[in-house]
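**Student:** If you scroll down you'll find the structure; I have some questions about it.
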Amino acid sequence: MLDRGRDAGALVREVRAVGGGVGLGFGLGTSLFEGAGARAPLQLKAMPSFAGDLLDPAQSHGDLLVRVAGEDADEVRTAVASVKAVAGKAGWVVRWGIDGFRAENRVEGGRGLARNPFHFTEGFGNPETEREVADRAVVREGQGEPDWAVGGSYQVVRVIRFATELWDKDSVPEQERIMGRRRDGKWLDGTPTAEQPNFAADAKGRHTPLDSHVRLAAPDRRRPPPLVRRSYSYDRGDGDTGIIFNCYQRDLAKGFEAVQKRLAGEALAKYVLTTGGGYFFVPPPGDAWLDALAPA
Ligand code: HEM
C-alpha cells in the first residue's frame, strides 16, 4: 500500500539536509494521511471554497508544503532549486509554488510588520509576546489531537489576488474606511496604534465602518481571534499581484474559519480574489513526529 506519510518523512529528512542559510518549514496536507499509519490531526481537511473564492485546483492543496524563507533572495532561490531537485529525485511532483516577499519587513513592539500591495501595514493585530503567540497558535495536550501533533500548528495559506488598479483609484481616506485603520496602523477614531479602539462607543460605524476589515475580523477587542498572521506579498507580473496570506492556529474552526466567515460581505471583498492555497499541519519541532509518521 502506498504510504505517503512514510515517503514524506523520508523526503523531509533529505530536504532538511539542503541547508544553505535558509529557514525551512513543513506543512502536512490531509491527503498525506490517506492510507498512512499515523492518525491525522483532528481538524485537517482540504481547504473548502469560501464565499467569493475561485480556487484553481492546480494551485491549491497538496501532500506536503515546503516553506523556504531567508533574508537573501539568491540564497532562497538556490535552496528552492535544491529542494525541487531532491523531491524530483525521490519521485515527487511539484504541484505548485509561489515566490513571496515582505516589503518594509521589520519588528516593532514584538510584532513582525510589513507593507502589503494595498500600501497598508500588516501585523498590528498579532500578539506581542511569544507566550501569546503560542497560546493562539500551538496545539496543546487535551485537545484530542494525536500525541505526535501536540506542539504543532494548523497553517492556512491563501493566495489572494488584489485589484490594485481599482484600489488605487479610491482616495486614501476611502481605503482607510474599507480597512478600518489608517495606512500606518492608527485607528480611525484617533486611538493610538498600540491601544484598543472603542468600537462599542461607535455602534453605528461612524468612525470605523461596520463592514470594514478589522471591525469584522476582530469585533470584540477583549477577545482577539485566536490566530497569528504572517503574510507575504507576491507579484507575478501582468497585474497578478497580491498577498500569500498565512495564518497559524491551534484550532482551525475557532481561528481562521470563524474569522473568514465573519469577513463574508466585507467592503474589501470586491478588491480581492482568492485563487489558491490550502490547509496544512505544521508538525512540532524535533523528530518525534517523523518517527510517528514514518516508523523505522
Ligand atoms: C484579503 C486580503 C487581506 C488584506 C489586504 C488584509 C489586510 C489587513 C490589514 C491592513 C490589517 C490591519 C493591520 C493588522 O492588524 O495587521 C488586517 C488585520 C487583520 N486581518 Fe486581514 N487582510 C486580508 C485578509 C485577511 C484574512 C483572509 C483574514 C482571516 C480570515 C484576516 C484576518 C485579520 C485579522 C484577525 C486582523 C486583526 C484585526 C484586529 O485585531 O484588529 N485578514 N488585515
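**Student:** Can you pull out every residue in the stretch 217-236 that is farther than 16 Å from Ala134 by Cα and within 6 Å of the ligand (Cβ to nearest atom)?
**Tutor:** If the condition is that a residue be farther than 16 Å from Ala134 by Cα and within 6 Å of the ligand (Cβ to nearest atom), then Ala217, Ala218 are the ones that fit.
**Student:** Name the pairs: first residue in the stretch 129-150 and on the phi > 0 side of the Ramachandran plot, second residue at pLDDT 95 or above, Cβ to Cβ under 7 Å, at least 6 apart or on different chains?
**Tutor:** Pairs that qualify, where the first residue is on the phi > 0 side of the Ramachandran plot and the partner is at pLDDT 95 or above, are Gly144/Leu42.
**Student:** Still on this structure: Residue under question is Ala200, and the condition is that it be open to solvent by 50 Å² or more (accessible area, probe 1.4 Å) and without any contact (Cβ under 8 Å) to a residue 12 or more places away in the chain; does it hold?
**Tutor:** Judged against the criteria, Ala200 is a match.
**Student:** Further question: Does Gly62 satisfy the condition of being over 17 Å from Leu290 (Cα atoms) and in contact with a helix residue (DSSP H, G or I) (Cβ under 9 Å, 6 or more places away or on another chain)?
**Tutor:** Yes.
**Student:** I've got another one for you. With more than 19 Å from Ala217 (Cβ to Cβ) and either exposed (fewer than 15 other Cβ atoms within 10 Å of the Cβ) or not hydrophobic (A, V, I, L, M, F, W, C) (or both) as the only criterion, which of Glu122, Glu132, Glu176, Glu141 stands out?
**Tutor:** Matching residue, one of Glu122, Glu132, Glu176, Glu141: Glu141.
**Student:** While we're here: Name the pairs: first residue in the stretch 218-231 and β-branched (Val, Ile, Thr), second residue surrounded by 13 or more Cβ atoms within 10 Å (Cβ to Cβ), Cβ to Cβ under 6 Å, at least 6 apart or on different chains?
**Tutor:** Sorted first by the residue in the stretch 218-231, then by its partner, the pairs are Val228/Asn126; Val228/Val133; Val228/Arg136; Val228/Ala137; Val228/Tyr248.
**Student:** Checking the condition open to solvent by 30 Å² or more (accessible area, probe 1.4 Å), of a type in the set (A, V, I, L, M) and over 23 Å from Ala194 (Cβ atoms), which residue from Leu268, Leu273, Leu252 passes? Even if it seems obvious, please write down each step before you answer.
**Tutor:** Details: Leu268 fails: open to solvent by 30 Å² or more (accessible area, probe 1.4 Å); Leu252 fails: open to solvent by 30 Å² or more (accessible area, probe 1.4 Å).
On inspection, the qualifying residue turns out to be Leu273.
The values are calculated or read from the model by the stated rules, or taken from the named source; none is laboratory data. Just so it is clear, the structure is predicted and the values come from calculations on it, not from any experiment. Quick reminder, even Gly has a Cβ in these numbers, built from the backbone with ideal geometry, and neighbours come from all protein chains shown. Ligands, DNA and RNA are stripped out before the accessible areas are found, and what is left, the full protein with its side chains, is counted by its heavy atoms. Shrake-Rupley method; radii C 1.70, N 1.55, O 1.52, S 1.80 Å.
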